[in-house]
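Reading through the structure tokens given below for one structure.
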Amino acid sequence: MTHRSTNILTILILVGLVAGALVGEYGLHAAGAVVGNDHWLKATGDLVLIRPLKLLIIPLIFFSVISGITRIGDPSKLGIVGGATLVYYLATMFMAVTLGTVLVTWISPGVLAPEIQESLRETAGNFAAGETATRSLGSAWMNILHQLIPVNIFEDMVKVRPLGVIVFAIAFGLALAAGGDKTKAARDICNACFEGLMILVRWVIWLTPIGVFFLVAWTVGKIGFESIVGPLGKYMITVLIGLAIHGFIVLPLVLWLCTGMKHHPYRFMWRMKRALMTAVGTDSSSATLPVTIDTAEGEGECSKRAANFVLPLGATINMDGTALYEAVAVVFLFQLFGIQLEFGQLLIVVITATLAAIGAAGIPSAGLVTMVIVISAVNMNLTGSPNGPLPVAAIGIIIGVDRILDMCRTAVNVWGDAVGAKIITRLAPD
Ligand code: ASP
């Protein structure tokens, strides 16, 4: 994409975001419109942007990972790149979740006047816990392991389970790299397919401004900005402060240190803005993935080898924003039910929230669902039963304002992936 068209696109996405927020707030929310999940604004946003982007996710993951692996080639180098990528994911998620836990314990957003606590607790019943309530820590591990060792790659593709597709693509990419001349044709085909897909991505990307407009208008119309000053305001602000510290201070610092202080982190953030704004608009790291790859390889100047490997993997497992959010939300809910967690329980929150973030898919509200794992684990520690003292249905309390937080945490998730790609570019340049 030329420099000029990139700039035009960026401006259009920004206009879409701002116009969507204004229409949502003043045209719908303030006007008292009833905006449900089946509202036409959301349906249009899905049709215009989410579905076309989703269409690209699986083919893109498949070919980009293979192309990334075969480009890296040398197995020992691959080991270093793979190891460094995993260390980066885990370390930054751990930092995010620790930051969230410290902030929520310190700010204590759930310690409110008794009557407010009571009225909030009453809303808990609205959450249909259903099947999710039965999820436990053991089954969460098993679920991740099953995805990591797939039995039918086509089933994973059909059901859009990226982890299995990634594992297969890594293994197949390694085999193609090891095959030398015999597999050269297949390597070339995969690289060419990847290039073709990226052209398709660049066409679809032009739909982003319109899609973002509809989706943001729907979200803001439904929730309204005033929720920030409502009874859940302190909780939302705690999450937002945590995300801001992680996104604007921690990750830039990590980038700066890990690239030998050569890269200006905020300049890189600015260059990644197209992907970050798309993340805000779509609430989904997976749907944003095509844009993230395009932006990282273009304006972000990440190497193809690093971007193709780190970004698809990152969109699925590296979720700093989600990890931080899960920690804040769970501790907040316990506070609301009058339980102050102690150090040991906070440690359980840190560990399980990281796991829950890894297990969360890169789709809207995924973090809200996997939070059940964290709640059950802490309940288990407190009473020996996963079902109390905090009922899983308590998640219903925060469901109403989740989408706005989801926009912000998804942006931090994507930013974390981009920082990873930039750092790994050092190990796998060009
Ligand atoms: N929406 C987030 C993402 O796609 C996941 C979540 O926290 O719900 O990255």
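Can you tell me which residue among ILE348, ILE358 is among the aliphatic types (A, V, I, L, M), farther than 22 Å from THR238 by Cβ, surrounded by fewer than 24 Cβ atoms within 10 Å (Cβ to Cβ) and modelled with pLDDT of 85 or more? Write out each step before concluding.
On the way: ILE348 fails: farther than 22 Å from THR238 by Cβ.
From the options ILE348, ILE358, the qualifying one is ILE358.
For ILE351, are the conditions met, namely being within 13 Å of the ligand (Cβ to nearest atom) and out of contact with any Gly (no Cβ under 9 Å at 6 or more places or on another chain)? Outline the logic, then answer.
Numbers: within 13 Å of the ligand (Cβ to nearest atom): no; out of contact with any Gly (no Cβ under 9 Å at 6 or more places or on another chain): yes.
In short, no.
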* Criterion violated by VAL331 - all others in (1) within 24 Å of SER365 (Cβ to Cβ); (2) surrounded by fewer than 24 Cβ atoms within 10 Å (Cβ to Cβ); (3) among the β-branched types (Val, Ile, Thr) satisfied -> (2)
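Can you confirm whether region 72-80 contains a residue that is at positive phi, outside any helix (DSSP H, G or I) and either loosely packed, with under 13 Cβ neighbours inside 10 Å or at pLDDT below 90 (or both)?
Of all residues in region 72-80, those at positive phi come to 73.
Among the residues that remain, those that are also outside any helix (DSSP H, G or I) are: 73.
Remaining after also requiring either loosely packed, with under 13 Cβ neighbours inside 10 Å or at pLDDT below 90 (or both): 73.
For region 72-80, residues at positive phi, outside any helix (DSSP H, G or I) and either loosely packed, with under 13 Cβ neighbours inside 10 Å or at pLDDT below 90 (or both): present.
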* Give me a count of the residues in region 366-387 that are of a type in the set (Gly, Ala, Ser) and within 27 Å of ILE404 (Cβ to Cβ). => 4
* To do: Determine whether region 313-330 contains at least one residue that is among the hydrophobic types (A, V, I, L, M, F, W, C), part of a helix (DSSP H, G or I), closer than 13 Å to PRO109 by Cα and more than 13 Å from the ligand (Cβ to nearest atom).
  => yes
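Keeping to region 1-18, report how many residues are in contact with an Asp or Glu (Cβ under 8 Å, 6 or more places away or on another chain) and assigned to a helix (DSSP H, G or I).
In the first step, residues of region 1-18 are kept if they are in contact with an Asp or Glu (Cβ under 8 Å, 6 or more places away or on another chain); the result is 1, 6.
So of that shortlist, the ones also assigned to a helix (DSSP H, G or I) come out as 6.
The number of residues fulfilling the criteria is 1.
Quick one: would you say VAL216 is crowded, with 19+ Cβ neighbours inside 10 Å and either under 26 Å from ALA21 (Cα atoms) or in contact with a Lys or Arg (Cβ under 8 Å, 6 or more places away or on another chain) (or both)?
Numbers: crowded, with 19+ Cβ neighbours inside 10 Å: yes; either under 26 Å from ALA21 (Cα atoms) or in contact with a Lys or Arg (Cβ under 8 Å, 6 or more places away or on another chain) (or both): yes.
Here the answer is yes, as VAL216 does meet what is asked.
Has region 340-350 got any residue that is in contact with a Phe, Trp or Tyr (Cβ under 6 Å, 6 or more places away or on another chain), not in a helix (DSSP H, G or I) and not basic (Lys, Arg)? First the steps, then the outcome.
Applying the first criterion (in contact with a Phe, Trp or Tyr (Cβ under 6 Å, 6 or more places away or on another chain)) to region 340-350 yields 341.
Narrowing the set further to residues that are not in a helix (DSSP H, G or I) leaves 341.
Next cut, not basic (Lys, Arg) only: 341.
Yes, because at least one residue in region 340-350 is in contact with a Phe, Trp or Tyr (Cβ under 6 Å, 6 or more places away or on another chain), not in a helix (DSSP H, G or I) and not basic (Lys, Arg).
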* To do: Spot the failing condition for MET261; the list is (1) at positive phi; (2) part of a helix (DSSP H, G or I), and only one is missed.
  => (2)
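Let's see how each residue does on (1) in contact (Cβ under 8 Å) with a residue 24 or more places away in the chain; (2) polar (S, T, N, Q); (3) surrounded by 21 or more Cβ atoms within 10 Å (Cβ to Cβ); (4) within 14 Å of VAL331 (Cα to Cα):
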| residue | (1), (2), (3), (4) |
| --- | --- |
| MET95 | yes, no, no, no |
| LEU99 | yes, no, yes, yes |
| ILE107 | yes, no, no, yes |
| ALA113 | no, no, no, no |
| SER119 | yes, yes, no, no |
* To do: Within region 368-379, identify whether any single residue is surrounded by fewer than 24 Cβ atoms within 10 Å (Cβ to Cβ), more than 8 Å from the ligand (Cβ to nearest atom), at pLDDT below 85 and of a type outside the set (A, V, I, L, M, F, W, C), and answer yes or no.
  => no
* **So THR383, is it over 24 Å from ALA84 (Cβ atoms), crowded, with 24+ Cβ neighbours inside 10 Å and not aromatic (Phe, Trp, Tyr)** => no
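Please tell me if ILE423 is more than 17 Å from VAL102 (Cβ to Cβ), among the aliphatic types (A, V, I, L, M) and modelled with pLDDT of 90 or more. Can you show your working first?
Values: more than 17 Å from VAL102 (Cβ to Cβ): yes; among the aliphatic types (A, V, I, L, M): yes; modelled with pLDDT of 90 or more: yes.
Taking the combined requirement at face value, the residue satisfies it.
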* Considering every residue within region 269-278, establish whether at least one is in a helix (DSSP H, G or I), touching a helix residue (DSSP H, G or I) at 6+ places or on another chain (Cβ under 8 Å) and without any contact (Cβ under 8 Å) to a residue 12 or more places away in the chain. => no
* State the number of residues belonging to region 249-265 that are modelled with pLDDT of 95 or more and surrounded by fewer than 17 Cβ atoms within 10 Å (Cβ to Cβ). => 2
* Structure fact -> Here the residues within region 295-312 that are within 16 Å of the ligand (Cβ to nearest atom) and touching an Asp or Glu at 6+ places or on another chain (Cβ under 8 Å) are VAL310, LEU311
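Within region 380-411, how many residues turn out to be within 20 Å of the chain's Cα centre (by Cα) and away from the ligand (no atom under 16 Å from the Cβ)?
First pass over region 380-411, keeping only residues within 20 Å of the chain's Cα centre (by Cα): 395, 398-411.
Subset that is away from the ligand (no atom under 16 Å from the Cβ): none.
So the answer is 0.
The values are calculated or read from the model by the stated rules, or taken from the named source; none is laboratory data. Everything quoted here is computed from the prediction, not taken from an experiment. A quick note on method: Cβ atoms are made from the backbone with ideal geometry, for glycine too, and the neighbour counts reach across all protein chains shown.
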